[in-house]
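Below you'll find the structure, written out as structure tokens, and then a few comments.
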Amino acid sequence: MSRSPDGTDRLLWLLAVLAFGLGDLVTTAVGLTTPGVVEANPFVAAFLGHSVLGALVALKSVSLLIFFAVWWVVPAPHRTGIPLGLATVGIVVTGWNLHVVLVASTP
């Protein structure tokens, strides 16, 4: 059994990295520079003390590596759910963050 991603998994991992990794990271960073916007997740907020961007990059990188490690050991076809779930959550969270930023920026 091959452990390298097939075409579907490759596409889902790309979407997961773009939405969950990059989209959430960028919209969170922008949101945290917007007056009136705070990080709602207490776990993440605890890491934001010194360097917001550094903490967000570190947390996202570690979480993506952990999810990839889990994907690596879960047998096909079940492992496809991991990048699919991350991509879905990433799209929803990125959309929510954009909504929060737009509402907070509206006078």
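Observations, loosely collected:
- In the stretch 1-93, the trypsin sites (Lys or Arg not before Pro) that fall in loop regions by DSSP, at most 13 other Cβ within 10 Å: Arg3
- Extension gain, His50 to Trp96, is 14.1 nm, computed as 0.36 nm per intervening residue step minus the present C-alpha separation.
- Phi-derived couplings, Karplus 6.51 cos²θ - 1.76 cosθ + 1.60 at θ = phi - 60°, listed residue by residue for the stretch 45-54: 4, 5, 8, 8, x, 9, 9, 4, 5, x Hz, with x used for Gly and Pro.
- Projecting the Cα atoms of Ala16, Gly36, Gly81 onto the charge dipole of the chain (Cβ charges, centred on the Cα centre) puts Gly81 farthest toward the positive pole.
- Along the stretch 82-97 the Karplus relation, 6.51 cos²θ - 1.76 cosθ + 1.60 evaluated at θ = phi - 60°, assigns HN-Hα couplings of 5, x, 5, x, 5, 5, 5, 4, x, 5, 5, 5, 5, x, 4, 4 Hz to successive residues, with x for each Gly and Pro.
- GNM result for the chain, Cα springs below 10 Å: residue of Gly81, Gly95, Gly49 fluctuating most strongly: Gly49
- Within the listed set Ala40, Ala19, Ala76, the residue fluctuating most in the Gaussian network model of the chain (springs between alpha-carbon atoms under 10 angstrom) is Ala40.
- GNM on the chain, alpha-carbon springs under 10 angstrom: the most fluctuating residue among Val92, Val73, Val30 is Val73.
- Nearest-0.05 FRET efficiency for Ser61 and Thr106, computed from C-beta distance (R0 25 Å): 0.15
- FRET efficiency, 1/(1 + (r/R0)^6) with R0 30 Å, evaluated for Leu84 and Ala40 via beta carbons: 0.75
- Across the stretch 66-73, coupling constants 3J(HN,Hα) worked out from phi with the 6.51/-1.76/1.60 Karplus curve, θ = phi - 60°, read 5, 4, 5, 4, 5, 4, 4, 8 Hz, and Gly and Pro carry x.
The numbers here are math on the coordinates, done by the rules we state, and not lab data. Here the structure is a predicted model, which means the values were calculated and not measured. No Cβ is skipped: glycine too gets one built from the backbone with ideal geometry, and neighbour counts run over all protein chains shown.
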